[in-house]
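Colleague: Structure below; questions to follow.
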Amino acid sequence: MPPSKSAPPHVTRLSTSDATSITVRGRDLVNDLIGKVSYTEMMFFLIQERMPTPAEARVLDACMVTLMEHGLNASTIIARLLDDSGPGQVQVAMAGGLLAVGDVFIGTMDGAARILIKGIQAQDAETFCRETVADHIARKAALPGFGHRKHKPDDPRPARLFEVAQEAGVDGRYIALLKLLSVEFDRAMGRHMTTNATGAIAALLLEIGMPLEIMRAVAVVARAGGLPGHIVEGRRTRSGRRIWELVEQAVPYEPPA
């Protein structure tokens, strides 16, 4: 169906180019951006339509560094296996690894962020935390931002992320709410519940005004920076083939009854 004559024309405010120049959000790529802004600053600029303050850039950079690498996990194993299956097609290995960023691994900060946004809007933060925790416990649902299969009793990353945010001078209200939620979760469970890195990152990204709908993209971009290291190591050690062999050994064939 052709567009209505009364509809505004489709435009992009991201970039354009001609024979001699490239313009990105109104700035000359060659003279204004290359060599003058960092990768993190450029990412913020493209999302938010403005350059970040030094505090915003530092906080976003800390989040990206935190998410970039965490050993052998779903995304890195997939990347190694795919690179072993299709040597020379690095983009396939990376794309496959990034597809594992989801509700279970790496990408859970958007769920935590939704809770924090509701909490900030609530009239009474303590009541909100109590009701939120009680609801998740009653439904036997995981509380986003909490729990870790390896890091116990505490994930070492949130404390440092909170320090970076404080040093940068962010407002801190989302961080304070996450900590209040943690206290209530501990009380309700009768034991200490780990605040994980994605919960902390959700709070930090909200502190710098990052849109909720783009938070998982931050995780994807960060993990993309870490996967090349796994691909390079996998090629050197042939770990992709070794992982395959270990799975065959661990899951033997059993004839049907």
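The values are calculated or read from the model by the stated rules, or taken from the named source; none is laboratory data. Fair warning: this is a prediction, and the values are worked out from it, not measured in the lab. Using ideal geometry, Cβ is built from the backbone for each residue, glycine included, and neighbour counts are taken over all protein chains shown.
Colleague: Taking region 150-190 as the search range and keeping residues that are touching a residue at least 60 places away in the same chain (Cβ under 8 Å) and assigned to a loop (DSSP other than H, G, I, E, B), which one is nearest to Val133 (Cα to Cα)?
Modeller: Looking at the filtered set, the residue picked out is Val170.
Colleague: Which members of region 134-178 meet the condition of being over 13 Å from Glu207 (Cβ atoms), of a type in the set (A, V, I, L, M) and surrounded by 17 or more Cβ atoms within 10 Å (Cβ to Cβ)?
Modeller: Leu143 - this is the single residue of region 134-178 that is over 13 Å from Glu207 (Cβ atoms), of a type in the set (A, V, I, L, M) and surrounded by 17 or more Cβ atoms within 10 Å (Cβ to Cβ).
Colleague: Could you identify the single residue in Lys5, Lys36 that is modelled with pLDDT under 95 and among the charged types (D, E, K, R)?
Modeller: On the way: Lys36 fails: modelled with pLDDT under 95.
Among Lys5, Lys36, only Lys5 is modelled with pLDDT under 95 and among the charged types (D, E, K, R).
Colleague: Kindly indicate which of Met210, Met193 is assigned to a loop (DSSP other than H, G, I, E, B) and either touching a Gly at 6+ places or on another chain (Cβ under 8 Å) or at pLDDT below 95 (or both).
Modeller: After ruling out the rest, the residue left standing is Met193.
Colleague: Answer yes or no: is there a residue in region 219-231 that is of a type in the set (A, V, I, L, M), without any contact (Cβ under 8 Å) to a residue 60 or more places away in the chain and on the phi < 0 side of the Ramachandran plot.
Modeller: Within region 219-231, none of the residues are of a type in the set (A, V, I, L, M), without any contact (Cβ under 8 Å) to a residue 60 or more places away in the chain and on the phi < 0 side of the Ramachandran plot.
Colleague: So, one more: Within region 196-204, can one find any residue that is of a type in the set (Ser, Thr, Tyr), surrounded by 14 or more Cβ atoms within 10 Å (Cβ to Cβ) and out of contact with any helix residue (DSSP H, G or I) (no Cβ under 7 Å at 6 or more places or on another chain)? Steps first, please.
Modeller: Our first condition is that a residue be of a type in the set (Ser, Thr, Tyr); within region 196-204, this holds for 198.
Adding the requirement that they be surrounded by 14 or more Cβ atoms within 10 Å (Cβ to Cβ) leaves 198.
Still in the list and also out of contact with any helix residue (DSSP H, G or I) (no Cβ under 7 Å at 6 or more places or on another chain): none.
Checked against the condition, which is being of a type in the set (Ser, Thr, Tyr), surrounded by 14 or more Cβ atoms within 10 Å (Cβ to Cβ) and out of contact with any helix residue (DSSP H, G or I) (no Cβ under 7 Å at 6 or more places or on another chain), region 196-204 yields no hits at all.
Colleague: What is the one condition in (1) modelled with pLDDT under 95; (2) surrounded by 12 or more Cβ atoms within 10 Å (Cβ to Cβ); (3) charged (D, E, K, R) that Asp28 does not satisfy?
Modeller: Status for Asp28: all satisfied but (1).
Colleague: In a helix (DSSP H, G or I) and closer than 23 Å to Leu177 by Cβ: is that true of Ile137 in this structure?
Modeller: For Ile137, the condition - in a helix (DSSP H, G or I) and closer than 23 Å to Leu177 by Cβ - is met.
Colleague: Now for a separate question. Go through Ser182, Ser239 for me and flag whichever is of a type in the set (Ser, Thr, Tyr), buried (at least 17 other Cβ atoms within 10 Å of the Cβ) and within 30 Å of Gln91 (Cα to Cα).
Modeller: Working: Ser182 fails: within 30 Å of Gln91 (Cα to Cα).
Exactly one of Ser182, Ser239 is of a type in the set (Ser, Thr, Tyr), buried (at least 17 other Cβ atoms within 10 Å of the Cβ) and within 30 Å of Gln91 (Cα to Cα), namely Ser239.
Colleague: I'd like to check something: does region 89-109 contain any residue that is touching a residue at least 60 places away in the same chain (Cβ under 8 Å), within 16 Å of Leu178 (Cα to Cα) and not in a loop (DSSP other than H, G, I, E, B)?
Modeller: Within region 89-109 (the criterion being touching a residue at least 60 places away in the same chain (Cβ under 8 Å), within 16 Å of Leu178 (Cα to Cα) and not in a loop (DSSP other than H, G, I, E, B)), the answer is yes, since at least one residue qualifies.
Colleague: Now, a different point. Scan region 50-76 residue by residue and report those that are among the aliphatic types (A, V, I, L, M), surrounded by 15 or more Cβ atoms within 10 Å (Cβ to Cβ) and over 22 Å from Leu14 (Cα atoms). Give the derivation first.
Modeller: Just the residues of region 50-76 that are among the aliphatic types (A, V, I, L, M), to begin with: 51, 55, 57, 59-60, 62, 64-65, 67-68, 72, 74.
Checking the rest, the ones that are also surrounded by 15 or more Cβ atoms within 10 Å (Cβ to Cβ) come to 51, 55, 57, 59-60, 62, 64-65, 67-68, 74.
Of everything in region 50-76, those that are among the aliphatic types (A, V, I, L, M), surrounded by 15 or more Cβ atoms within 10 Å (Cβ to Cβ) and over 22 Å from Leu14 (Cα atoms) turn out to be Ala55, Val59, Ala62, Met64, Val65, Leu67, Met68, Ala74.
Colleague: What pairs come out if I take residues in region 232-256 that are within 12 Å of Asp83 (Cα to Cα) and pair them with residues that are outside any helix (DSSP H, G or I) whose C-beta lies under 7 Å away, six or more apart or interchain?
Modeller: That search, which allows pairs on different chains as well, returns nothing.
Colleague: Six or more apart or on different chains, Cβ atoms under 8 Å: show the pairs whose first residue is in region 49-67 and on the phi > 0 side of the Ramachandran plot and whose second is modelled with pLDDT of 95 or more.
Modeller: Here the result reads Glu49/Arg25, each pair linking region 49-67 to a residue that is modelled with pLDDT of 95 or more.
Colleague: OK, next. Looking at Gly209, Gly190 in this structure, which one is surrounded by fewer than 24 Cβ atoms within 10 Å (Cβ to Cβ), among the small types (Gly, Ala, Ser) and more than 23 Å from Thr127 (Cβ to Cβ)?
Modeller: On the way: Gly190 fails: more than 23 Å from Thr127 (Cβ to Cβ).
Going through Gly209, Gly190 in turn, just one is surrounded by fewer than 24 Cβ atoms within 10 Å (Cβ to Cβ), among the small types (Gly, Ala, Ser) and more than 23 Å from Thr127 (Cβ to Cβ): Gly209.
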